[in-house]
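The values are calculated or read from the model by the stated rules, or taken from the named source; none is laboratory data. Bear in mind that the values here come from a model prediction, so they are computed numbers and not experimental data. We place every Cβ from the backbone using ideal geometry, glycine too, and count neighbours over all the protein chains shown. Each accessible area value is taken on the protein alone, full model and side chains, heavy atoms only, with ligands, DNA and RNA left out. Shrake-Rupley method; radii C 1.70, N 1.55, O 1.52, S 1.80 Å.
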2 protein chains.
Amino acid sequence: MTNRTAENIFDRLVDGIVAGKMIPGEPLAEKALAEQFGVSRTPVREALHRLEQSNLAERGSRRAFFVREMKAEDLAELFEAVGEVESALAALAAHRLTEVERKTLMAILEEGRACDDPEAYSGINKHFHNTIKAGARNSALAATLEDLNLRTMAWRAANFHENTNRLATSRVEHQAITEAILAQDAEATRSLMRSHVAGSYVLVADILARREP
Amino acid sequence: MTNRTAENIFDRLVDGIVAGKMIPGEPLAEKALAEQFGVSRTPVREALHRLEQSNLAERGSRRAFFVREMKAEDLAELFEAVGEVESALAALAAHRLTEVERKTLMAILEEGRACDDPEAYSGINKHFHNTIKAGARNSALAATLEDLNLRTMAWRAANFHENTNRLATSRVEHQAITEAILAQDAEATRSLMRSHVAGSYVLVADILARREP
DNA sequence: TTGTGCGGATATGTATACATATGCAAGATG
DNA sequence: CATCTTGCATATGTATACATATCCGCACAA
C-alpha cells in the first residue's frame, strides 16, 4: 500500500527533466505518461501535481502540464534567490557550526585541494554546501534552499562538465568562505557566499546566451 | 472541467488550519473529509497532498495525514527563515523600486500614521510588505516568502489582535525601513527588516510560552 | 497474567469508468 | 471567400470499485 508508484513516477520525471531529456515546453499528458510507465493515470496525476509545486512543470491552457520553460531571466532570478538563501544559511552557520562540523569543513577543503577531476569535485562541492546548510540549524530555510536548488540542478550539472576552470575558482572561494565561517564573521560569510553562487551562475548565463542568441 | 473542487477543498482546509479550527495533530482522513465536503476522495487526496507540500500537514504511520504540529522550536526557525528571506527581498528592493512604488511606500506610511485600529492596520501592514516584495523583482524569492508566510499566518493573526502595543512599534520600524530603502542603503534595509520580522516573532514566542509551560 | 499470533476492520493506493470543458476542424451562411 | 457556428475528438476532473497494508482486538498458549 506504499505510495511507491507515484513517488517513483515523480522521481523519474524529475530525473528526466533535470537530465534534459524532457525538453522545456514539452507537454506532459497524463494518458501518454501513464502508458509509458505502465500505470494508471492516478499516480501520474499525483506526480504531475508535485512537479507543478516544485516549479518544474507549469500549466497551460486546457489545464495541461508542460515542462517549465526557463527563460534566461527566470534562471537569473533563481540563482539570485539561491544566492540570498544560501548566504543567509551560511551567515547563520558562522555562529552555529559544531566543532565536528568545523573540522569536517577543513577536511573537505583538504580533499578539494587534492582533487582535479571535475566529476569527483562535484561531490566534494555538494558535501561542502551540505555541511554549511546543516550547520545553520534551520530546517525551514534548508528546505527552501533545496527547493530552489532542484530547479537549478540541471544547469549546474551541465556547467561543471563544460568548465574545468571553474574548479580552481571554486576551491579558492570555498577556502575564503571557510575562513570567514571559522572566524564567525557572519557578514563576510554572507557576502562571500553570495558572490560564490553568483560566480557559478556566470557560466550558466554564458551557456544560455549561446543557446538563445 | 475546472479544478475548482480540489482547489476549493485545499483553500478551505488551509483556512481551517490557519484559523486554528483544526487542531494540530488532528488526523485528516480522506473519507471523513470527503463526506464533510460532499465530494469524493479524489479531490480531497489532491488537496491533502498540496497541504503536505505546503508543510501545513504531515504524514504519520499508515500514511495518514495530520495537521502539522508546530513546536516552539519549529516556529522560531520559521520566523528566522521569513526574516532572512524578507530582508533579502527588501535589500534587493532598495535598488530596484520604481518611482511609483517609492511613492506608494510613502503613502502607506502616511496611511499607517492615521490608523489606530489593529484590524485596519493589518491590511496596511500587508500592503507595505507586498510593495517591497514586488519591488524586489525576483519572483522565485517572492514565492518562497509566500510559502513560508503561509505557515506563520495563523500566529501572526492571533498576535495582532492581542497586542495593540505592537502597532506603534511596527509604525516606527516601517518608517525606518522606508527611509533606508529610499536612501538605497541595501545593508541597512536588510538589517532593519530582519529586526522587524524578529520583533513580530517575540510576541508569538510569548503566546507560545504561555501555552506550553 | 502476559505475550504472541491471527484475523477482521479500516484507511490509503491504484485502476477504471464517467462527466465535462476545451480546441480544432469542417461546413454553412453572409 | 471569409467568418462564425456547431459538433466531434480528446484531455483533464471526479467518482467509484478494487487491492493491499497497517492497526487493533481477541483468543489461545506459556
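Data overview
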{"read-out": "Long pairs among B:Lys71/B:Lys103; A:Lys71/A:Lys103; A:Lys21/A:Lys126, criterion Cα-Cα beyond 30 Å", "value": "B:Lys71/B:Lys103; A:Lys71/A:Lys103"}
{"read-out": "Candidates B:Ala29, B:Ala57, B:Ala180, ranked by Gaussian network fluctuation over chain B, Cα under 10 Å, top entry", "value": "B:Ala29"}
{"read-out": "Kirkwood-Stokes translational diffusion coefficient of segment B:4-67, alpha-carbon pairs, 20 °C, 1.002 mPa s, µm²/s", "value": "188"}
{"read-out": "Calculated FRET efficiency for the pair A:Arg102/B:Arg4, C-beta based, R₀ 35 Å, to 0.05", "value": "0.10"}
{"read-out": "Counted charge near A:Ala90, where neighbours are those whose Cβ lies closer than 13 Å (Asp, Glu -1; Lys, Arg +1)", "value": "-3"}
{"read-out": "Surrounding net charge for B:Glu101, when Lys and Arg each add one and Asp and Glu each subtract one, Cβ distance under 13 Å", "value": "+4"}
{"read-out": "Cβ-based charge dipole, segment B:72-211, positive-most Cα from B:Ala107, B:His129, B:Val204", "value": "B:Ala107"}
{"read-out": "Rg [Å, one decimal], Dmax [Å, integer] - segment A:72-211, C-alpha atoms", "value": "14.3, 45"}
{"read-out": "D_trans [Stokes-Einstein, Kirkwood Rh over alpha-carbon pairs] for the protein assembly as shown, 20 °C, 1.002 mPa s, µm² s⁻¹", "value": "91"}
{"read-out": "Loop-exposed trypsin sites (Lys or Arg not before Pro) per DSSP, neighbour cap 13 Cβ within 10 angstrom, longest uninterrupted part of chain A", "value": "A:72-213"}
{"read-out": "For segment B:4-67: accessible area per residue (Å², 1.4 Å)", "value": "55"}
{"read-out": "Residues losing 40 Å² or more accessible surface upon assembly, segment A:115-151, compared with the chain by itself, 1.4 Å", "value": "A:Asn138, A:Ala140, A:Leu141, A:Thr144"}
{"read-out": "At 7 Å out from Cα toward Cβ: A:Ile23 inter-copy label distances (nm, ascending)", "value": "5.6"}
{"read-out": "Interface area, A with B, accessible, probe 1.4 Å, both sides summed, Å² nearest 100", "value": "2500"}
{"read-out": "The protein assembly as shown - percent of accessible surface contributed by carbon and sulfur, probe 1.4 Å", "value": "52"}
{"read-out": "Nearest-ten-degree value, helix A:139-162 long axis tilted from longest Cα axis of chain A", "value": "90"}
{"read-out": "Charge tally in the Cβ shell below 13 Å around B:Asn130, where Lys, Arg are +1 and Asp, Glu are -1, B:Asn130 excluded", "value": "-1"}
{"read-out": "Occluded residues from segment A:16-50, i.e. those whose accessible area drops by 50 Å² or more once the chain is not alone (1.4 Å probe)", "value": "A:Glu46"}
{"read-out": "Per-copy distances of the B:Phe37 label point, shortest first, in nm (7 angstrom along Cα→Cβ)", "value": "2.2"}
{"read-out": "Between segment A:50-118 and segment A:1-38, the alpha-carbon center distance in angstrom", "value": "22"}
{"read-out": "Listing of segment B:59-106 residues, each with accessible area lower by at least 50 Å² in the full protein assembly than in the chain alone (probe 1.4 Å)", "value": "B:Arg63, B:Glu77, B:Glu80, B:Glu84"}
{"read-out": "Accessible area per residue, Å², segment B:72-211 with all protein chains present, probe 1.4 Å", "value": "43"}
{"read-out": "Label-to-label distance, nm, for residues given as B:Arg63 and A:Arg171 (7 Å Cα→Cβ offset)", "value": "4.9"}
{"read-out": "Copies compared at B:Asp185 - label distances in nm, ascending, label defined 7 Å from Cα in the Cβ direction", "value": "2.2"}
{"read-out": "Where labels lie 7 Å past Cα in the beta-carbon direction, separation of A:Glu187 and A:Glu35 in nm", "value": "6.3"}
{"read-out": "Neighbour cut-off at most 16 other Cβ (10 Å), DSSP loop, GluC sites (Glu not before Pro), segment B:38-82", "value": "B:Glu69"}
